[in-house]
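Below is one structure; the comments refer to it alone.
The values are calculated or read from the model by the stated rules, or taken from the named source; none is laboratory data. What you see is a predicted model; the values in this text were computed from it and never measured. Cβ sites come from the backbone with ideal geometry, for glycine too, and all protein chains shown count toward neighbours.
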């Protein structure tokens, strides 16, 4: 029988740097879009900014889950 490898896949330094950079980007964009939404007086534009912020938060969480699964 095949022996099951229970170790998590290893991420090398360049890939960890890419993930770190992308996590920083997603976090920054989510925060900026919340600020932009707070500045907006147009309800449609405010909604677009809020939706964008939520999407970047989702991206951040997906990347963080991926990172945690490989550490």
ask   = Regarding residue 57, is this residue touching a residue at least 12 places away in the same chain (Cβ under 8 Å) and surrounded by 14 or more Cβ atoms within 10 Å (Cβ to Cβ)?
value = yes
task = Read through the list (1) exposed (fewer than 10 other Cβ atoms within 10 Å of the Cβ); (2) modelled with pLDDT under 95; (3) not in a helix (DSSP H, G or I), then give the number of the only condition that residue 41 fails.
result = (2)
inquiry  = Checking residue 54 against (1) assigned to a helix (DSSP H, G or I); (2) at pLDDT below 95: exactly one of these is not met. Which one?
reply    = (2)
